[in-house]
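Q: Would you mind keeping the following structure in view while I ask a few things?
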Amino acid sequence: MHLNHSLFLSSLGLFLLHQVLQKMLLIRLSWADAYLDPLLAMPILLPLLNWERGMSNVKPFRLLSTLHCWLITAYVSFVSEWIFPLLSPRFTTDPLDVVLFFAGTGLHLHKTNSKTS
């Protein structure tokens, strides 16, 4: 598994650009500040998990299944939107974030499935 497909690279680039704008240059883009990270999280995380699986010695290598991608997304959503806000007031629960996590997974699966078919 190579980390060079366009969705991964564009998501990572956009995420990093937004972090620089938001944290270093203090440029506020309200919608992006609130919703860009959840949308980009899964198109970044899922290829990294596939890459990690490919680096392990478990053979034969297989991409994460569609079901695994959805379950990972549910787990990330649960931890991000329910557990983190319980642990720290710096985190808030936003149901739209959950929708965006799943939308990002849908984008990842669409891109992955269109490449493999």
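The values are calculated or read from the model by the stated rules, or taken from the named source; none is laboratory data. Owing to the predicted nature of the structure, the values given are computational and were not obtained by experimental measurement. Cβ atoms come from the backbone with ideal geometry, glycine included; neighbour counts cover every protein chain shown.
Q: Can you give me the number of residues within segment 49-78 that are touching a helix residue (DSSP H, G or I) at 6+ places or on another chain (Cβ under 8 Å), of a type outside the set (Phe, Trp, Tyr) and over 20 Å from ASP94 (Cα atoms)?
A: 6
Q: Does LEU67 satisfy the condition of being of a type in the set (A, V, I, L, M) and closer than 16 Å to LEU46 by Cα?
A: Judged against the criteria, LEU67 is a match.
Q: Something else: Right, ARG62: surrounded by fewer than 18 Cβ atoms within 10 Å (Cβ to Cβ) and without any contact (Cβ under 8 Å) to a residue 40 or more places away in the chain or not?
A: Yes, satisfied.
Q: Need pairs with beta-carbon distance below 8 Å; first residue under 9 Å from PRO38 (Cβ atoms) and within segment 98-116, second at pLDDT below 95; sequence gap 6+ or separate chains.
A: Here the result reads LEU100/TYR35, each pair linking segment 98-116 to a residue that is at pLDDT below 95.
Conditions tested, residue by residue: (1) more than 16 Å from ALA103 (Cα to Cα); (2) surrounded by 16 or more Cβ atoms within 10 Å (Cβ to Cβ); (3) of a type in the set (A, V, I, L, M); (4) without any contact (Cβ under 8 Å) to a residue 12 or more places away in the chain.
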| position | (1), (2), (3), (4) |
| --- | --- |
| SER11 | no, yes, no, no |
| LEU16 | yes, no, yes, yes |
| GLN19 | yes, no, no, yes |
| LEU25 | yes, no, yes, yes |
| SER30 | yes, no, no, yes |
| ALA34 | no, no, yes, no |
| LEU40 | no, yes, yes, no |
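Q: Let me ask another. For segment 78-89, enumerate the residues that are of a type outside the set (Ser, Thr, Tyr) and either under 20 Å from TRP31 (Cβ atoms) or touching a residue at least 24 places away in the same chain (Cβ under 8 Å) (or both).
A: Selection gives GLU81 alone.
Q: Moving to a separate point now. Return only the number of the condition from (1) touching a Leu at 6+ places or on another chain (Cβ under 7 Å); (2) closer than 21 Å to ASN113 by Cβ that LEU67 does not satisfy.
A: All conditions pass for LEU67, except number (1).
Q: Going by what's in this entry, would PHE84 be described as under 24 Å from VAL20 (Cα atoms) and either surrounded by 13 or more Cβ atoms within 10 Å (Cβ to Cβ) or modelled with pLDDT under 95 (or both)?
A: yes
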